[in-house]
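Visitor: The structure is given below, and queries will be raised subsequently.
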Amino acid sequence: MNIHTYEKLWLIAAMLLIVGFIATITYGSVGLGIAMVGDQQETVEPTQLGEDDRFAEPRVEHVGENQYEAYVIAQTFRFQPDPIEVPANSEVTFHVTSRDVIHSFSVAGTNINTMVIPGEVAEMTVEFDDPEEYGIVCNEYCGPDHHNMEGQLHVVP
Ligand code: CUA
């Protein structure tokens, strides 16, 4: 009876150790993933975007004199809204999330480039000076039409 109890204790101790290792590895890599894509504090439930104040209606919102908030959804195989229209001489904070799998939000010819991970909200603030039309592409393989996943960013006069 006593030996049996000891065996059980050791078994439990060994299992806790294994769980501990797995947790360390998992959380370790999650931490690394977050660091790689930048400062991300906000989260969102990817399957509930329709009920989310920010993403129910992908849009650009005027919030200050020349300040705007853009709420953008990436999904296979498009971006919403499309086109994204922002005025010239503006400061725009982009909030980008995914409805399904990992994408990227990459504005060709600029340094706007972020990974878009379901459940997370990628954020970046960008200043736009001159009117211009940019293409938005996805740099993360996301399925058979990945190479056709594109959108437009219009900086309008
Ligand atoms: Cu979306 Cu590749």
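The values are calculated or read from the model by the stated rules, or taken from the named source; none is laboratory data. Predicted, not measured: the structure shown is a model, and the values here were computed from it. Reconstructed Cβ throughout: ideal geometry from the backbone, glycine too, with neighbour counts over all protein chains shown. What goes into the accessible areas is simple: the full protein's heavy atoms, side chains included, and nothing from ligands, DNA or RNA. Shrake-Rupley method; radii C 1.70, N 1.55, O 1.52, S 1.80 Å.
Visitor: Would you mind telling me which numbered condition in (1) within 15 Å of the ligand (Cβ to nearest atom); (2) modelled with pLDDT of 95 or more residue 68 fails?
Guide: Failing condition for residue 68: (1).
Visitor: Are there any strands (runs of 3 or more DSSP E) wholly within the stretch 78-157 with 2 or more residues that are open to solvent by less than 20 Å² (accessible area, probe 1.4 Å), and if so which?
Guide: Working: elements: 78-80, 84-87, 90-98, 103-107, 113-116, 122-128, 132-137, 150-156.
The qualifying strands (runs of 3 or more DSSP E) are 84-87, 90-98, 103-107, 113-116, 122-128, 150-156.
Visitor: So which residues in the stretch 134-157 are away from the ligand (no atom under 12 Å from the Cβ) and touching a residue at least 40 places away in the same chain (Cβ under 8 Å), if there are any at all?
Guide: Kept after step one, since they are away from the ligand (no atom under 12 Å from the Cβ), are these residues of the stretch 134-157: 134-135, 152-157.
Of everything in the stretch 134-157, those that are away from the ligand (no atom under 12 Å from the Cβ) and touching a residue at least 40 places away in the same chain (Cβ under 8 Å) turn out to be 152, 153, 154, 155, 156, 157.
Every residue, every condition in (1) more than 16 Å from the ligand (Cβ to nearest atom); (2) without any contact (Cβ under 8 Å) to a residue 24 or more places away in the chain; (3) farther than 20 Å from residue 55 by Cα, yes or no:
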| residue | (1), (2), (3) |
| --- | --- |
| 82 | no, no, no |
| 85 | yes, no, no |
| 88 | yes, no, yes |
| 99 | no, no, no |
| 114 | no, no, no |
| 125 | yes, no, no |
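Visitor: So residue 56 passes all but one of these: (1) part of a strand (DSSP E or B); (2) out of contact with any strand residue (DSSP E or B) (no Cβ under 6 Å at 6 or more places or on another chain). Which condition number does it fail?
Guide: For residue 56, the exception is condition (1).
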